[in-house]
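Report on the structure given below.
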Amino acid sequence: MELEIKLIRDHCLADLNEVEELKALDNVRIKYLGKKGTLTIALKGMGKLSSEERPIIGKLANEIREEIEQNITQQKQALEQKEMEAQIREEVIDVSLPGKKHLSGNLHPLTTTVNELKEIFLGMGFTIEEGPEIEWTKYNFDYLNVPKEHSARDLQDTFYYKDDIVLRTQTSPVQVRVMQERKPPLRMISPGRVYRTDEVDATHSPVFHQMEGLVIDKGITMGDLKGTLDLFAKKLFGEQTKTKFRPHQFYFTEPSAEMDVTCFKCGGVGCKVCSNTGWIEVLGCGMVHPNVLKACGIDPDVYSGFAFGLGLDRIAITKYGITDLRLLFENDLRFLSQFK
Amino acid sequence: MLVSLNWLKEYVDINIAPYDFGEVLTMSGTKVETLTVVSENVSNILTGKILKIEQHPNADKLVVCTVDIGTDERIIVTAAKNVFEGAVVPVAVDGAVTANGTEIGTSDFRGVLSYGMFCSIEELGMNADLFSKEIMEGIYILPANTPLGMDVRKLLWLDDVIIDVELTANRSDCQSIVGIAKESAAALDLPIRDFKIYTKDEKRNDISNYLAVKVENEACSRYVAKLLKVKKVEPSPLWIQVKLMNSGVRPINNIVDVTNYVMLELGQPLHAFDYESLKSKEIVVKTTNDKKIITLDNKERNINDSMLMITNGSIPVAIAGVMGGENSEITDNTSVIVLESACFYKNSVRLTSKQLGLRTEASSRFEKGVDPELANIAALRATYLLEEIGACEVIEGIIDVYPQPVSPKKLSLDIDWVNAFIGISVSEDAVANMLKRLFFTVKSCASGKLEIEVPSFRQDIEGKQDLAEEVARMFGYDNIPSTIMGGETMIGGKTPIQKYEDAIKNILVGQGYYETLTTSFTSEKRLIALNSYFKDTLVRLVNPLGEENSIMRHTLIGHQLEVISLNYNRKNPSGRFFELANTYHKSEAPDELPREEKMLVISTYGSDDYFELKGMVELLLTHSGINHPTFSAGGSDFLHPGRKSVVYVDDVRLGEIGEIHPSVVKNYDLPKRCYVCELSFKALYESCVTDIKFIDLPKFPASNRDLAIQLKADIPASSVETIIRKNSGDILESIELFDVYTGEQIPENFKSLAYALNFRHHERTLNDDDINPVIEKILEELNSSLDAQIRE
């Protein structure tokens, strides 16, 4: 019996040695260890053995069974490994082939620019306000302290719908509306579309975009105006940006200023973008004129504030180095798709 | 405005480099655009007198000149035709450099050595715009009394720096050398020198024998006149000509040049009439019914009764503040002149100048506002100069019609307020000093307040904020410390609709759509091409830039089609676009602004079809929490009648979607198939369901049934779906149309719609007994309402 079992083992191991695929391995397992396997059948004959022999043979049989099973497991792992390696070998792809196209569009560069500006001011507690593009002259001019006879009101400068209704020439009327509707403190920006009767060329468009900002509170100073706009410039153009405030004149502010920033192209040494001055004019600003506050029902002896306004199209084209303003309004896909 | 630095230095001792001075001006409020040296290169060009001219022995076109250059005599060979014996000319001697950088040496002209050359205007680098072609072509002839051997660089102010300044509208007082000098003196904290005026204590009033002035219109606030006898009308001395030229003004003759000189110097426009040509002993300032006047530039101008005229009592002799008339022009025969120094109301001059399309040095100054207090000073300054250069003799007496003299404005300034407003901390003395530098009269009074008298030339100063600006710019805007705003904490942030706008755009971008930016204008022609010309509800502009841009758009579709057309014609094979912008509609009520409605337009061409675009819209709606929109056939005339639908959520009309009508395709030069959708952004936002509630994951399995329904081809699929939903109760989890079939298998004009229905109950497993009755009910109604059959 002992010899018989050992012989089965030897046969089995010999068979296993020759196995080259998983299917064959399973066949070997069934042949020896299956219900009708040779070892199984051999062990069924154990009942005929004497009680002395039985434990010895039993132990041997278990050892051999384990040995075979272990062998099978090892063999199986080896074969699986081999099979996987073969699979991997077969499945090599040219990873340099192009990926499958996924379509995505993008926002217009003007929107992206405006979004950036919005984020900066939202972070400082501002709200975003909108107002009509077709506006009463009183909101577009009168309440903003623009003299009755000023040439900005001429048909040569402003589009008229009726004698007292114009296409707004600035987004400042939104400020007037907000000031008349709400009580200070106010912090707001009003980006939007504005109109002036400029013929279209590389730097002009009768339709363009502006953003005005307004802060009204008790104790707002010109230093606050500088501090806020300096922070804005640094966030938009980078930490190293410096600002310069030059005295200027606007009807709705007094004192008024224009803000220049160090050229973001050359850093201030002078280049084509900044016409070799090292500076780029970015916005107009000033302390809100008392006449404007009064017209909006705010007491200039209690409140003060500052306002600023900037051309968005110009910021966008300067930021991206776009050479012609007309490209913004043309919408050629080869242009649009550059601003992912 | 062009400002000569040399001229400025006659008033203020500016002893810093021109560039630095420019910075000082800019930072104190007078923006310097450019600084230019008149003629950078010119050197070693001297004045010389031609003593003798002889024909060149070997060349017909050349002459040999003997020239006295002060220190010695030289031979110069020239081909110039305008030289003559006795002429004083600029001589580029050996080693000289001309304007374009050419070095001049001794050269041999056919056997005669020339020790230099004579120079033209161009070779000197002077302002070519100011000279006639004739003068430009010859050698520049200097006045006969010019000293010899002088460096022309100094003599003709070729070393002068011309400062181009941009003035703000409120500072009319800066439109002159003295105006800028005052600003410079204030900014540099330097004294300013005075100018000389005619100060003779006149005992007699001879002028009254010649002239009286009547002002009949309040648009003339002051009229000063002085009479002078002319000794000789001739070219001005060089020092006057040079200043005019460096200010961009062409020298004409001594009389006219002095009027221009004083205008440039003081900012007061002057005019000189030929007294005899007035043919009258009076000047009347008024409006008239005359229709024409010929102005000094020999042009006939159409005038009307809204324009202020200077008349001789009957006919106009000048357009007030704009230009003189040819009928009273100074000529070589003029023996007596009337010197006018008047102040005209800015708006009157502006409107006249605009109507005439004629803008002059005078009108542009009056338009901004001239100080009436300046009129007599300017008249006396001109009188002084005309006498000084020997052009005129003065007739005693002056006419000064000044019915309402301006009284100085008085303001008070609280030092604490000004410090708090600007955000600085400056003493009362310092503030007083700053304002004094700017020619304000300042008096200190108790409790930190200053009493201030505003000089008459500062018409822009009205209140304390204006004074604060003066203090701020003298203090230096750059010296004001930058601070962070205090006050209440402000939360700020975007409103829900602003956030929704961002979300919608992001979804579209993620699906391959590009945002466009188009203008707001359209035209009758463009709208007719779009089958969308609704003439009664359009917003039309009074003064558009051409017919093409005369209407404010009431739809975004037209512009999207123009975008598609442009891209298609530029061979971009396909494109997906969107834009969120306003449309404009006439308001019904007359006292209201036009209605502005924000619309979302989406368009596509090249590779998509109607259902692709519809799918995009459905995705947007899904993201907006809108699950069961209806698309019912119909829509505007720019859409294909068989391929258009109106989008509703419940009963709210969101907008429309469809294929572009073939006629519009032709009109707009579009690819054959384009698809557009236009939705009201407001309606869309208001239909949004924003609160998302979690629903437990299902615990019981779903039961699926497929139904193929055969029905007439013209019945919309949506009717089938409605019936299925209606009869399924709440166990229908989803419904999907997975196939539409027409063809041989079914009768003509019929179609087959295959639906996958998914049933589920959230508390138990459904079996056939639950589902079969539902299916039967569905089939029954499909049959009775739509005459539809199940297709086995």
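Could you pull out the residue among B:Asp160, B:Asp164, B:Asp173 that is out of contact with any helix residue (DSSP H, G or I) (no Cβ under 9 Å at 6 or more places or on another chain), among the charged types (D, E, K, R), closer than 23 Å to B:Val258 by Cα and in contact (Cβ under 8 Å) with a residue 40 or more places away in the chain? Give the steps one after another, and end with the answer.
Details: B:Asp160 fails: out of contact with any helix residue (DSSP H, G or I) (no Cβ under 9 Å at 6 or more places or on another chain); B:Asp173 fails: out of contact with any helix residue (DSSP H, G or I) (no Cβ under 9 Å at 6 or more places or on another chain).
Unique residue meeting the criteria: B:Asp164.
Within the stretch B:502-516, how many residues are open to solvent by less than 50 Å² (accessible area, probe 1.4 Å) and more than 7 Å from every other protein chain (Cβ to nearest Cβ)?
Within the stretch B:502-516, the first condition is being open to solvent by less than 50 Å² (accessible area, probe 1.4 Å), and the residues that meet it are B:502-505, B:507-510, B:512-516.
The next check asks that each one be more than 7 Å from every other protein chain (Cβ to nearest Cβ); those that pass are B:502-504, B:507.
Summing the residues that are open to solvent by less than 50 Å² (accessible area, probe 1.4 Å) and more than 7 Å from every other protein chain (Cβ to nearest Cβ) in the stretch B:502-516 gives 4.
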*asked:* List the residue pairs whose Cβ atoms are under 6 Å apart, where the first residue sits in the stretch B:647-675 and is part of a loop (DSSP other than H, G, I, E, B), the second is open to solvent by 20 Å² or more (accessible area, probe 1.4 Å), and the two are 6 or more positions apart or on different chains.
replied: B:His661/B:His640; B:Pro671/B:Tyr568
*When B:Ala713 is evaluated against the numbered criteria (1) over 16 Å from B:Leu753 (Cα atoms); (2) surrounded by fewer than 15 Cβ atoms within 10 Å (Cβ to Cβ), which criterion, by number, is the only one it fails?*
(1)
*Could you please find all residues in the stretch A:16-32 being assigned to a helix (DSSP H, G or I) and buried (at least 18 other Cβ atoms within 10 Å of the Cβ)?*
A:Leu16, A:Leu25, A:Val28, A:Arg29, A:Tyr32
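List the strands (runs of 3 or more DSSP E) inside the stretch B:377-494, counting only whole elements, that have at least 1 residues being among the aliphatic types (A, V, I, L, M) and touching a residue at least 12 places away in the same chain (Cβ under 8 Å). Even if it seems obvious, please write down each step before you answer.
Numbers: elements: B:392-394, B:399-401, B:409-414, B:441-445, B:449-454.
Here the list reads B:392-394, B:399-401, B:409-414, B:449-454.
So which residues in the stretch B:766-792 are part of a loop (DSSP other than H, G, I, E, B), open to solvent by less than 70 Å² (accessible area, probe 1.4 Å) and farther than 11 Å from B:Gln710 by Cβ? Quick ask: steps written out before the conclusion?
Here is the first cut: in the stretch B:766-792, the ones part of a loop (DSSP other than H, G, I, E, B) are B:766-767, B:787-788, B:791-792.
Among the residues that remain, those that are also open to solvent by less than 70 Å² (accessible area, probe 1.4 Å) are: B:766, B:788.
Across the stretch B:766-792, the qualifying residue is only B:Leu766.
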*In the set A:Met179, A:Met211, which member is assigned by TED's automatic domain parsing to the domain that holds A:Gly123, in a helix (DSSP H, G or I) and surrounded by 22 or more Cβ atoms within 10 Å (Cβ to Cβ)?*
A:Met179
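Which residues, taken from the stretch A:210-249, are of a type outside the set (D, E, K, R), facing chain B (nearest Cβ under 9 Å) and over 19 Å from A:Pro185 (Cβ atoms)? It would help to see each step written out before you state the result.
Keep residues of the stretch A:210-249 that are of a type outside the set (D, E, K, R), which gives A:210-211, A:213-216, A:219-223, A:225, A:227-229, A:231-233, A:236-238, A:240-241, A:243, A:245, A:247-249.
Within this subset, residues satisfying the condition of being facing chain B (nearest Cβ under 9 Å) are A:215, A:219-223, A:225, A:227-229, A:231, A:243, A:245, A:247-249.
Listed by number, the residues that qualify are A:Thr243, A:Phe245, A:Pro247, A:His248, A:Gln249.
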_Give me the residue from the stretch B:720-729 that is open to solvent by 30 Å² or more (accessible area, probe 1.4 Å) and touching a residue at least 40 places away in the same chain (Cβ under 8 Å) and, out of that set, nearest to B:Val646 (Cα to Cα)._
B:Lys726
*Taking B:Thr483 as the residue in question, decide whether it is within 30 Å of B:Glu23 (Cα to Cα), out of contact with any Ser or Thr (no Cβ under 6 Å at 6 or more places or on another chain) and not assigned by TED's automatic domain parsing to the domain that holds B:Phe440.*
yes
*What are the residues in the stretch B:586-612 that are more than 10 Å from every other protein chain (Cβ to nearest Cβ), farther than 19 Å from B:Glu501 by Cα and either in contact with a His (Cβ under 8 Å, 6 or more places away or on another chain) or crowded, with 18+ Cβ neighbours inside 10 Å (or both), if any?*
B:Thr604, B:Tyr605, B:Asp608, B:Tyr610
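Please enumerate the residues belonging to the stretch A:277-302 that are open to solvent by 50 Å² or more (accessible area, probe 1.4 Å), over 25 Å from A:Tyr195 (Cβ atoms) and not aliphatic (A, V, I, L, M).
A:Thr277, A:Trp279, A:Lys294, A:Gly297, A:Asp299, A:Asp301
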_Which pairs turn up if I take residues in the stretch A:318-340 that are within 7 Å of another protein chain (Cβ to nearest Cβ) and look for partners that are of a type outside the set (A, V, I, L, M, F, W, C) and outside any loop (DSSP other than H, G, I, E, B) with beta carbon separation below 7 Å, at least 6 apart in sequence or on another chain?_
A:Leu328/A:Asp313; A:Asp332/B:Asn567; A:Leu333/B:Tyr514; A:Leu333/B:Asn567; A:Leu333/B:Gly575; A:Leu336/B:Tyr514; A:Ser337/B:Tyr514
*Could you list, in sequence order, the residues of the stretch B:200-223 that are of a type in the set (A, V, I, L, M, F, W, C) and in a loop (DSSP other than H, G, I, E, B)?*
B:Leu211, B:Ala219
*Go through the stretch B:469-501 and give me each residue that's exposed (fewer than 14 other Cβ atoms within 10 Å of the Cβ) and on the phi < 0 side of the Ramachandran plot.*
B:Asp478, B:Asn479, B:Pro481, B:Ile484, B:Gly486, B:Glu488, B:Thr489, B:Ile491, B:Thr495, B:Pro496, B:Lys499
*asked:* Looking at A:Thr127, A:Thr137 in this structure, which one is open to solvent by 10 Å² or more (accessible area, probe 1.4 Å) and within 10 Å of chain B (Cβ to nearest Cβ)?
replied: A:Thr127
_Lone unmet requirement of (1) over 26 Å from B:Arg540 (Cα atoms); (2) without any contact (Cβ under 8 Å) to a residue 24 or more places away in the chain; (3) within 7 Å of another protein chain (Cβ to nearest Cβ) for A:Glu199_ = (1)
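Out of B:Ile197, B:Ile163, which single residue is more than 30 Å from B:Phe84 (Cβ to Cβ), assigned to a strand (DSSP E or B) and not aromatic (Phe, Trp, Tyr)? Steps first, answer last, please.
On the way: B:Ile197 fails: assigned to a strand (DSSP E or B).
Checking each option against the conditions leaves just B:Ile163.
Can you pull out every residue in the stretch B:11-35 that is away from every other protein chain (no Cβ under 14 Å) and either in contact with a helix residue (DSSP H, G or I) (Cβ under 8 Å, 6 or more places away or on another chain) or not in a loop (DSSP other than H, G, I, E, B) (or both)?
To start, the set of residues in the stretch B:11-35 that are away from every other protein chain (no Cβ under 14 Å) comprises B:11-18, B:20-21.
Across the stretch B:11-35, the qualifying residues are B:Tyr11, B:Val12, B:Ile14, B:Ile16, B:Pro18, B:Asp20, B:Phe21.
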*Among the residues of the stretch B:676-708, which ones are in a helix (DSSP H, G or I) and surrounded by 15 or more Cβ atoms within 10 Å (Cβ to Cβ)?*
B:Phe681, B:Ala683, B:Leu684, B:Tyr685, B:Ser687
*Just name the residue that is surrounded by the most Cβ atoms within 10 Å (Cβ to Cβ) out of those in the stretch A:226-244 that are within 24 Å of B:Glu166 (Cβ to Cβ) and touching a Leu at 6+ places or on another chain (Cβ under 8 Å).*
A:Leu229
_Can you find a residue that is away from chain A (no Cβ under 14 Å) and crowded, with 18+ Cβ neighbours inside 10 Å anywhere in the stretch B:453-463?_
yes
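Going residue by residue through the stretch A:73-89, is there one that turns out to be under 30 Å from A:Gly47 (Cβ atoms), open to solvent by less than 100 Å² (accessible area, probe 1.4 Å) and assigned to a helix (DSSP H, G or I)?
Of all residues in the stretch A:73-89, those under 30 Å from A:Gly47 (Cβ atoms) come to A:73.
Still in the list and also open to solvent by less than 100 Å² (accessible area, probe 1.4 Å): A:73.
Next, from what is left, pick out any that are assigned to a helix (DSSP H, G or I): A:73.
Looking through the stretch A:73-89, at least one residue is under 30 Å from A:Gly47 (Cβ atoms), open to solvent by less than 100 Å² (accessible area, probe 1.4 Å) and assigned to a helix (DSSP H, G or I).
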*Tell me, which residue of the stretch B:651-706 that is among the hydroxyl-bearing types (Ser, Thr, Tyr) and at pLDDT 90 or above is nearest to B:Tyr584 (Cα to Cα)?*
B:Ser680
*Do the conditions hold for B:Lys535, that is, is it surrounded by fewer than 16 Cβ atoms within 10 Å (Cβ to Cβ), over 21 Å from B:Thr622 (Cβ atoms) and more than 7 Å from every other protein chain (Cβ to nearest Cβ)?*
yes
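The values are calculated or read from the model by the stated rules, or taken from the named source; none is laboratory data. The model shown is predicted, which means the values in this text are computed figures rather than measured ones. When we count neighbours, we look across all protein chains shown, and the Cβ atoms used for this are built from the backbone with ideal geometry, even at glycine. With ligands, DNA and RNA removed, areas are computed over all heavy atoms of the protein, side chains included. Shrake-Rupley method; radii C 1.70, N 1.55, O 1.52, S 1.80 Å.
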